[in-house]
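Before anything else, here's the structure in question.
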Amino acid sequence: LLVKALRGKMFPLPQTNYLLNVSWDITQKGYEKKRGKLLAPYVPQIQGVDPSLQIDNRIQASSQSVLPGSKHNRSRAANTRDERFRSDLHTEAVQAALAKYKERKMPMPSKRRSVLVQSSVEACTPPDTSSASEDEGSLRRQGRLATSTPYQGHGHPSVEHWFNRVIQGSSTSSSASSTSSHPGGRSVTTTTNTTSHAALNANAAATALADFMAHTQLDNHSAPPDVTGLSERSSLHTERPQVASVRGVSRGYNHHTSVMETADGVPVNSRVSSKIQQLLNTLKRPKRPPLREFFVDDFEELLDVQQPDPNQPKPEGQHMSPLEGEPLGVVNNWPPSLPAALHRWGTTQPKSPCLTALDNGGKAVYTLTYGKLWTRSQKLAYTLLNKLSTRNEPLLVPGDRVALVFPNNDPVMFMVAFYGCLLAELVPVPIEVPLTRKDAGSQQIGFLLGSCGVTLALTTDACQKGLPKAQTGEVATFKGWPRLLWFVTDGKHVVKPPKDWHPPIREASNDIAYIEYKTSKEGSTMGITVSHSAMLVHCHALTQACGYTEAETITNVLDFKREAGLWHGVLTSVMNRMHVISIPYSLMKVNPLSWIQKVHTYKARVAVVKSRDMHWSLLAQRDQRDISLSSLRMLIVADGANPWSISSCDAFLNVFQARGLRPEVICPCASSSEAMTVAIRRPPEMGVPPPGKAVLSMGGLSHSVIRVDTEEKLSVLTVQDVGQVMPGALVCVVRVEGTPYICQTDEVGEICVSSGCTGVAYYGLPGMTKNLFETIPVTSSGIPISDRPFTRTSLLGFVGPDSLVFVVGKMDGLMVVSGRRHNADDVVATALAVEPMKFVYRGRIAVFSVSVLHDERIVVVAEQRPDASEEDSFQWMSRVLQAIDSIHQVGVYCLALVPANTLPKAPLGGIHISETKQRFLEGALHPCNVLMCPHTCVTNLPKPRQKQPEVGPASMIVGNLVAGKRIAQACGRDVTQLEDNDQARKFLYIQDVLQWRAQATPDHPLFLVLNAKGTVASTASCLQLHKRAERVAAALMGRLNTGDHVALVYPPGIELIATFYGCLYAGCVPVTVRPPHPQNLATTLPTVKMIVEVSKSVCILTTQAIMKLLKSKEAAAAVDVKSWPMVLDTDDLPRKKSPQMYKPPTPEMLAYLDFSVSTTGILAGVKMSHTATSALCRSIKLQCELYPSRQIAICLDPYCGLGFALWCLCSVYSGHQSILVPPLELESNASLWLAAVSQYKVRVTFCSYSVMEMCTKGLGSQTEALRLRNVNLSCVRTCMVVAEERPRIALTQSFSKIFKDLGLSPRAVSTTFGCRVNVAICLQPNRLGKLAEQGTAGPDPTTVYVDMRALRHDRVRLVERGSPHSLPLMESGKILPGVKVIIANTETKGPLGDSHLGEIWVSSPHNATGYYTVYGEEALHADHFNTKLSFGDTQTVWARTGYLGFLRRTELTDASGERHDALYVVGSLDETLELRGMRYHPIDIETSVIRSHKSIAECAVFTWTNLLVVVVELEGSEQEALDLVALVTNVVLEEHYLIVGVVVVVDPGVIPINSRGEKQRMHLRDGFLADQLDPIYVAYNM
């Protein structure tokens, strides 16, 4: 029976009695025991879960090892009592729900030390072994230790507590080893035997756990193939580490074979990956609503539209008929208006007390009598109308609005001001006192005042002094507020009216009496106008409903400026000459019992409170023996409409019944600002039916259907009635959305009221007024039920038996998720039933919904107690998720904990929900803990794409058409047709060209290198270069054989170029290598070593300085310095000629090797033959029209690709002069390159994206200063960005915009495209001026907009600029002479049609001849360099670039008169992410992420075991780190339909970037998995 009774089902008794029946003879402990026994059969026993979890959370506190002398041992009595009596039903439901889930392991987020707010013990956490946060119950049992010797030097926790933490092992630090990285960390030295023995046990347990984790994970770690030996250890220098480390080139190179580990020797299955493993395990669980099968057109990704569940409950009752309240009684001698009542009492009963004000100590400071109220209001009225003037005009005329700004502890001044305004026929607008210029919602109040045309604010002297002031000493103008005059209403500022002046006292009319403000769900503030007649009728109705009599005493705890506090404590009280004891909020905070004490002292008959006040007084009522509540005939619970007030009422009654409180005096009421009081439970003397209770199924409620829950389900809501309808009112319930149809009797809808005492309108908002105050409810056939308009109350409820009104929620808290309705208050209650008092503050929790991807998503934000540890809070969060999931059958999208006292406050405590939501969406909440669960909530993603079988050769290739489209192929000009006076053409070898130039034009300048100051560091003419090359050749010839590979490790300069030709003279094969960075050897030197080894170089040529560096002690720490091949320095070579030049037998022989690290982290070296080298030079010469008389400026790295060709080859071949600007010099002088271009009047210049970025970021604000230094860029015809990626339009456009002021033509900037198989496929030399007219130029590069969703399906779909999901793509430049390009299907290798996305294949004389790898991977080589189409032209040999793109024939014409074919590069195939069957380009996701918050400086994404990992660099304070988690998840969902698995927040500069400015995502991934990024925060989305 007890169980049944606890469930509140069996007896129809009110829930109050049975508890009394059982609790008098049973101790708390006995009660627990008995109850545990009784409940045992109902609560499923689960292995390993602490039984106390299943029954209740009270025992938890004792079962957890309580730290000696810790704060946890709080006064037990208060806590247990509160726990015991709070809606037991709900708490048990939550506990049982949690027991159902066997505490699922969730990976705990890792956080950097500095972000934690924690006690000193946290500082010496040993590195943890695994990150499975285990069952509290089961593990605590194993780990229970006999001793609790405190740490040496720390009086804090017992060793036991500490080991439990190790065993639970949820990581809080994520640096590679917590102990070494924090000076505080030291090993635990123990003294007693027992302790060390215990330590061994615990450690053994921990190690076993770690081993177990390691084994379970291995299979997963072998999945991603390239987690390699050498991995990025991101440096902490200011510049970004120029990428150094290289990922494994081939199988043979990885020297750790057995266990894959990273450079630091951390096994890959470290913390990060074990957490990801846990995350995957939590995600394996099926989602609740399965994704329905439906047809998806391949183009349009239809988002899954939630179909209504056919089994959902539907209302079955009849349509309700409107409910009428009893008629308003006729009262003899009832005053005709409120001012008339004041006049009557002020003159006939002047000594009678009206209002007693209390100070913060609870002492009565002042009692306002009716006489005083009358005379002081008169004085104020007279002063306002007659003594305030501007330019001899009175400032105010009757009907004007006036702001009332009074603090909550000064009800007397407020009352005088309010009645003063009524007497002067002014309209008071009471508002809160603005404390700072940035109060939550203050700007909205300003809008309200502005729209009401308020020019004057009344306030008290003390309040005026406290307001923020401007410099002039006047009150500052608050953000968004109109200009106000502030008038202080204290005695000395008001004047006594002359004898013959009397305020006009009229009958109540329909003019506006006052305006009450209300804040909507979205945060906007409206003013509700209340007429004199409505105010009077409302007083009449309240007097009748509450049975108020003259001279009664009433205590009021509510805000007297609005709603029930104003209606009962300021208006109705004066009507009936009642005495109000006003309890200020500040007193309640100090002494929550104050209102009960005042009821006792003043023998008050009525008290007006909120359930919060009842709850607070419960917590405080320990030793109050001597108070009696027997005088109360009515305890009005103003927020009785909140479904959770019932638990406060019950608990309050249980405690105070012994102090004279009668159960029947508790009177919940329902009201809203618009409709005023809607219903109130009548006091017992009125002979009304007994109060009702309903136990409703939450599942039914979520479908707006009332089902009394008959089975013993967990998810129920117990609600109490709010009494009967107000006298003289007509009430009905209508559907919430759409036409206001009358509801059926078992359906929940919005309560509507038609009566003489509702608000009239929203001031100045006629449209909203019509919707709300003039609703016409209709029957199902559409006939209006009454000719009177109704006001919507924004209360959701129904009418129960005995015509009792029940409210189950408010419109403001309504969240419609996937077609089901949930109430914010209900979700709050469930969250609080999960051991609330330990981790979060009870009243400081906000629940709201945000719209993400076409549905509402629930967000829970709570304030965390400062003494709650990371782990505890995380445990609490994961349990809250499970509880809400189980009880409401809805997923929580985001749960955030913020530090105590940081949520925006509403004026009287409470949380400002709309402001909290705003901050959440703007990323300004600054949480200290975040848990996102998009995987469970987001069930409306598009269906994963199934690949369609592609069209095969049978799809009819006719002539040049495939599948009805022109085959996508294009070519540059034919080299053989171009006759030009190219002298260099007759030489087969580039070194011969140099010798010929040295003889023909010995003094012609070829190179000029600039240093950081902009001065010339070195130059070289044809002869000088030849002579230097000869010296190098002479030094090599004796030592090396022909065909040997030589590594050239030089800084950018002439030395590098000369040595290159020296090697060719000597018959050796040069390999240019970027020198290591002296401040960053650890990451850059291994790359040098690797290239030297992989290229099989037998000798290294370098400078003396670098030679020293290679063999230094620092170098020895990074690589094995003994294994370098022979190192020669070329600084002082003897001046001697080589005996004879080496002549290669055939131009097909290898000329040089070009090594580069791809963005996927693969080191790839390609072979360039002499033929290809000459062809490359000729093609570039023709495209850019290079002649000996030209000058070009190059700001690129000279080590690989087109950068190398432009530095070392082109000048020698074409004879033009190259001005060389090493990009590294720009770090100390950002304007170096542009100043050089201007100084030398260069027409053609080349740069990289990283150089462009340095210029836009570093010089963006300095264009004026540059102009003063005479930097002028009008000479530039073409500025080409050398890249191996999709053109970065945003960057090129901002560069053009910024430097337009310096004369840069908007048409000058263009892009190029090359890759490993062919370093120069497109170059776009824009011609301006004469040459353009001669027709040698191609058209300007075009930009098209494609649909990003179609791209994911490998389709190209052109859309208009600005259309949703559009992505701008710029053509990559004009195809070089001699180059042919075709677009091929990546799988079938067939040709594709125009505007189809496929792999770009290229055929040209300057293609590289193959990869140079360790074992010469023949398959790879053949596939990439010698491929043929599967049908169509099957003869031509093509090279596969590994890039996706498309060709599109434009309307423009080429120089030759042909239509121009534009090539668009979309991105590298290796980089793409295959997710949900679709292909994503990381850059698109990254662009969205960077846009989502101003503090995100850079972003990179990669996948790990099908999870999308997003790494963001935070440029801002670390407290913003956790704000980014939700914003990043939102934007990726909205724009890409992807769920982010892990969000990693790191410092600026952590994302590695190579010399071309491309992100090295794979290095980043290795660093992440090896735990080397030292992230600020890692969030694992559930």
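The values are calculated or read from the model by the stated rules, or taken from the named source; none is laboratory data. These numbers were taken from a predicted model, which means no experiment stands behind them. Here Cβ is always computed from backbone atoms with ideal geometry, including for glycine, and neighbour counts include all displayed protein chains. Calculation scope for accessible area: heavy atoms of the full protein, side chains included, ligands and nucleic acids excluded. Shrake-Rupley method; radii C 1.70, N 1.55, O 1.52, S 1.80 Å.
May I ask what percent, to the nearest 5, of DSSP beta bridges between residues of the range 1108-1236 are antiparallel? Kindly include the intermediate steps, with their values, before the conclusion.
Numbers: 7 of 11 bridges.
Once the DSSP bridges in the range 1108-1236 are tallied, antiparallel ones form about 65 percent.
Could you tell me what percent of the DSSP beta bridges with both partners in the range 1172-1322 are antiparallel, to the nearest 5?
The antiparallel fraction comes to roughly 5 percent.
Still on this structure, I have one more. Using a 1.4 angstrom probe, figure out how much accessible area the range 324-367 has per residue, in square angstrom, rounded to the nearest whole.
Working: 2410 Å² over 44 residues.
Heavy-atom accessible area per residue stands at 55 Å².
Right, next: If you count, for each residue, the other Cβ atoms within 10 Å and average over each peptide, how do 399-411, 1298-1310 line up from highest to lowest? Write down the numbers at each step before the final one.
Details: 399-411: 21.7, 1298-1310: 18.4.
The densest-packed peptide leads the list: 399-411, 1298-1310.
Using a Förster distance of 56 angstrom, determine the FRET efficiency expected from the C-beta separation of residue 1437 and residue 479, and round it to 0.05.
On the way: r = 70 Å, r/R0 = 1.24.
Taking R0 as 56 Å, the efficiency between residue 1437 and residue 479 is 0.20.
Out of all DSSP beta bridges with both ends in the range 734-846, state the antiparallel percent to the nearest 5. Working shown, then result.
Working: 17 of 18 bridges.
The answer is about 95 percent antiparallel.
Here is a follow-up. If you filter the range 445-520 for GluC sites (Glu not before Pro), then keep DSSP loop positions with at most 13 other Cβ within 10 Å, what is left? Each step should come with its number before you reach the end.
Numbers: sites: 474, 507, 516; in loops: 474, 507.
Those that pass, being in a loop and sparsely packed, are 474, 507.
Tell me whether the range 556-611 comes out rounded, prolate or oblate; compute the Cα gyration tensor, take square roots of the eigenvalues as a ≥ b ≥ c, and use a/c under 1.5 as the rounded threshold. Intermediate results must be reported in sequence, preceding the final value.
On the way: a/c = 2.32, a/b = 1.31, b/c = 1.77.
In terms of gyration-tensor shape, oblate.
If you wrap the range 817-856's Cα atoms in a convex hull and average its projection over all directions, what's the area in nm²?
On the way: hull surface 13.3 nm².
Seen from a random direction, the Cα hull of the range 817-856 projects 3.3 nm² on average.
Kindly list the residues of the range 1369-1413 that lie in the label zone of residue 1459, defined by a backbone N under 12 Å from the point 7 Å along the Cα-to-C-beta vector.
Of the residues in the range 1369-1413, 1394-1395 have backbone N under 12 Å from the label point off residue 1459.
Can you list residues from other chains, or at least 5 along the same chain, whose modelled amide H is less than 5 Å from the amide H of residue 898?
So residue 898 has HN proximity to 862, 863, 864, 928.
Related question: Can you give me the distance in nm between label points at residue 745 and residue 1146, each placed 7 Å from the Cα along the Cα-to-Cβ direction?
10.1 nm
Could you please state, rounded to a whole Å, how far the C-alpha centre of the range 1236-1265 is from the C-alpha centre of the range 1452-1521?
25 Å
Can I ask one more? Counting Lys +1, Arg +1, Asp -1, Glu -1, what net charge surrounds residue 1127 among other residues with beta carbon under 13 Å of its beta carbon? Intermediate results must be reported in sequence, preceding the final value.
Numbers: positive: 1039, 1089, 1108, 1111, 1122; negative: 1129, 1131.
Net local charge, residue 1127 excluded: +3.
Which FRET efficiency value, to the nearest 0.05, do you get for residue 776 and residue 854 by plugging their Cβ-Cβ distance into 1/(1 + (r/R0)^6) with R0 = 30 Å? Numbers along the way, then the final one.
On the way: r = 32 Å, r/R0 = 1.06.
Here the calculated transfer efficiency is 0.40.
Would you mind checking the radius of gyration and Dmax of the range 1263-1302 based on alpha-carbon positions, in Å?
In Å, with Rg to one decimal and Dmax whole: 12.1, 36.
In addition: Test of understanding: what is the full-extension gain from residue 659 to residue 1293, defined as 0.36 nm times their sequence separation minus their Cα-Cα distance? Show your work: numbers first, answer last.
Values: separation 634, 0.36 × 634 = 228.24 nm, distance 7.75 nm.
In short, 220.5 nm is gained.
Can you give me the % of accessible surface on the range 477-518 that is carbon or sulfur? Probe 1.4 Å, all protein chains present, nothing else counted.
Numbers: 1350 of 2650 Å².
Answer for the range 477-518 is 51 percent, counting heavy atoms of protein chains only.
Amide H of residue 1577: which non-local residues (sequence gap of 5 or more, or other chain) have their own amide H closer than 5 Å, using H built in the peptide plane?
It is 112, 1545, by chain and number.
Place the peptides 460-469, 1442-1451 in order of packing, highest mean first, counting for every residue the other Cβ atoms within 10 Å and averaging per peptide. List each step's numbers first, then the result.
Working: 460-469: 14.9, 1442-1451: 19.8.
Those peptides, ordered most packed to least, come out 1442-1451, 460-469.
What's the extension gain from residue 1123 to residue 1426 if we count 0.36 nm per residue and subtract their Cα-Cα distance?
Working: separation 303, 0.36 × 303 = 109.08 nm, distance 3.60 nm.
Full-extension gain reported as 105.5 nm.
Still on this model: What are the principal axis extents of the Cα atoms in the range 1400-1520, in Å, biggest first?
Principal extents (largest minus smallest coordinate, Cα): 61, 47, 29 Å.
What's the FRET efficiency of residue 1450 with residue 1079 using the Cβ-Cβ distance as r and R₀ = 56 Å, to the nearest 0.05?
Details: r = 48 Å, r/R0 = 0.86.
It comes out at approximately 0.70.
Fully extended, how many nm does the chain gain between residue 1497 and residue 319 (0.36 nm per residue separation, minus their Cα-Cα distance)? Walk me through the numbers before you get to the answer.
On the way: separation 1178, 0.36 × 1178 = 424.08 nm, distance 5.90 nm.
Full-extension gain reported as 418.2 nm.
Enter the Cα centre distance for the pair the range 363-440 and the range 719-746, rounded to the nearest angstrom.
Cα centres, the range 363-440 to the range 719-746: 37 Å.
At what distance in nm do the modelled label points of residue 1274 and residue 351 sit from each other, each positioned 7 Å from its Cα along Cα→Cβ?
Here the modelled spin labels are 9.7 nm apart.
Report the label-to-label distance for residue 330 and residue 490 in nanometres (one decimal), using points 7 Å from each Cα along the Cα→Cβ vector.
5.1 nm
When the Karplus curve 6.51 cos²θ - 1.76 cosθ + 1.60 is applied with θ = phi - 60°, which whole-Hz ³J(HN,Hα) does each residue of the range 1371-1376 get, with x for Gly and Pro?
4, 8, x, 8, 5, 5
Let me ask something else about it. Just the Kirkwood number for the range 400-504, please: inverse of mean 1/r across all distinct Cα pairs, in Å, one decimal.
14.5 Å
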